[in-house]
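Written below as structure tokens is the structure these notes are about.
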């Protein structure tokens, strides 16, 4: 895979950056992501492309590559740092393995109980400070995009934490999510998103956690008998760009791209809940998966079982970061 990334980088070096291109040639932004075009992230990327090309009067051309067409989960950040692609929208979990572990605060179970909680962080000082921590990695953070709150799915019903015992559960690469699954006595299995359906189909994993929109577009309902509407965790994305590429853009182009990104962000975040609600209804209509609505008592049991993950992960994420989120949420 490194050969492919290096080959992409070698090709990119012929241009040496946006300022080295012929004056009449558009600046190319390769925007790579790992989900389907009809997810909130996919639609947000397409909206950014439309607005960026419009606001820059054709000076910029955005090429969107969905569904891991260019790079899988574990490869895309390296590709961005090397300049083989210019823009990504990875899930926030991906920054932990990169060395910016503070972003794993978003993975803590039940840290956000509502969208209002979430906005207090992403739209505030805590969210800005987190994006700033990407700069030393050669990455500029532009925006936070929602996916939504996660639900659990498996081929066994999961009403209480005891029901997870021994289940092989797919997770993104995140130590916090590993800890979460172990707290439930499940067996965490790290796996690229593009491989999940086949793994479920063949029994390599028993289940997973994801948002309804991601589950629906990947047809997870075809290979999972049960799901619990737990809303136990959050999946969001940071839209990021190669710092060198971004800094070398002409000031007027960068300003217009920032305008396009702001509007695409509002659009993507506005449709996220709508997309998840519609996806859940569509999956329920297939009658292939049994969706369990938690009782208040069940939810409290999940919260109490998963609360120790916050303490366990404090040494990794940083107690200061966790406390800053708690303070922003008024806890």
So if we plug the beta-carbon distance of residue 157 and residue 258 into 1/(1 + (r/R0)^6) with R0 = 41 Å, what FRET efficiency do we get, rounded to 0.05? 0.30
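Starting from the exponent 0.38 and prefactor 2.2 Å, build the expected Rg for the range 67-170 from its residue count and divide its actual Cα Rg by it. Write out the running numbers ahead of the final one.
On the way: Rg = 16.2 Å, N = 104, 2.2 N^0.38 = 12.8 Å.
Normalised Rg, Cα atoms only: 1.26.
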Any idea how far the Cα center of the range 272-292 sits from the one of the range 166-228, in Å? 17 Å
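Take the alpha carbon gyration tensor of the range 162-205, find the square roots of its eigenvalues, order them as a ≥ b ≥ c, and report rounded if a/c is under 1.5; if not, report prolate when a/b exceeds b/c, else oblate. List each step's numbers first, then the result.
Details: a/c = 3.53, a/b = 1.33, b/c = 2.65.
It comes out oblate by the Cα gyration axes.
For the peptides 27-33, 250-256, what is the packing order when you average, over each peptide's residues, the other Cβ atoms within 10 Å and list the highest mean first? Intermediate values should be presented prior to the final figure.
On the way: 27-33: 22.4, 250-256: 14.0.
Listed from highest to lowest mean packing, they are 27-33, 250-256.
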Let me see the P(r) profile for the range 184-331: every Cα-Cα distance counted, bins of 5 Å, each bin given as a percent of all pairs. 2, 7, 11, 14, 15, 16, 15, 10, 6, 3, 1, 0
If the chain between residue 123 and residue 297 were fully stretched, how many nm would it gain, using 0.36 nm times the residue separation less the Cα-Cα distance? 59.4 nm
Using bins 10 angstrom wide from zero, how does P(r) for the range 259-331 break down, in % of all Cα pairs? 14, 21, 33, 29, 4
Kindly rank 56-67, 227-238 from highest to lowest mean number of other beta carbons found within 10 Å of each residue. 227-238, 56-67
What's the FRET efficiency of residue 285 with residue 198 using the Cβ-Cβ distance as r and R₀ = 35 Å, to the nearest 0.05? 0.90
Rg and Dmax in Å for the range 82-127, alpha carbons only: what are they? 12.7, 38
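Taking a ≥ b ≥ c as the square roots of the Cα gyration tensor eigenvalues, with a/c under 1.5 meaning rounded and otherwise prolate when a/b beats b/c, else oblate, which class fits the range 130-230? Please list the in-between numbers first.
Numbers: a/c = 2.04, a/b = 1.69, b/c = 1.21.
It is prolate, given that a/c is not under 1.5 and a/b is the larger ratio.
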Degrees between helix 2-13 axis and first principal axis of the chain (Cα, 0 to 90, nearest 10): 30 degrees
For the range 37-102, what does the equivalent ellipsoid look like in terms of its semi-axes, each the square root of 5 times an eigenvalue of the Cα gyration tensor, given largest first in whole Å? 24, 14, 12
Packing-based ranking, highest mean first, of 114-124, 271-281 given that Cβ atoms within 10 Å are counted: 271-281, 114-124
Between 0 and 90 degrees, rounded to the nearest ten: what's the tilt of helix 319-328 against the longest Cα principal axis of the chain? 90 degrees
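For the chain, what is the mean residue ellipticity at 222 nm derived from helices alone (per DSSP H run of n ≥ 4: -39500 (n - 2.57); sum divided by total residues; nearest 500 deg cm²/dmol)? Write out the running numbers ahead of the final one.
On the way: 15 runs with 152 residues, N = 331.
When only DSSP H runs of four or more count, the value is -13500 deg cm²/dmol.
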Please give the helix 73-82 orientation as an angle from the longest Cα principal axis of the chain, in degrees from 0 to 90, rounded to the nearest 10. 20 degrees
Can you pull the Rg over Rh of the chain, Cα-only, Kirkwood? 0.97
Candidates 241, 126, 220; GNM for the chain (alpha-carbon contacts under 10 Å) flags as most fluctuating 126
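Values in this text are rule-based calculations from the coordinates and carry no lab data. Here the structure is a predicted model, which means the values were calculated and not measured. Here Cβ is always computed from backbone atoms with ideal geometry, including for glycine, and neighbour counts include all displayed protein chains.
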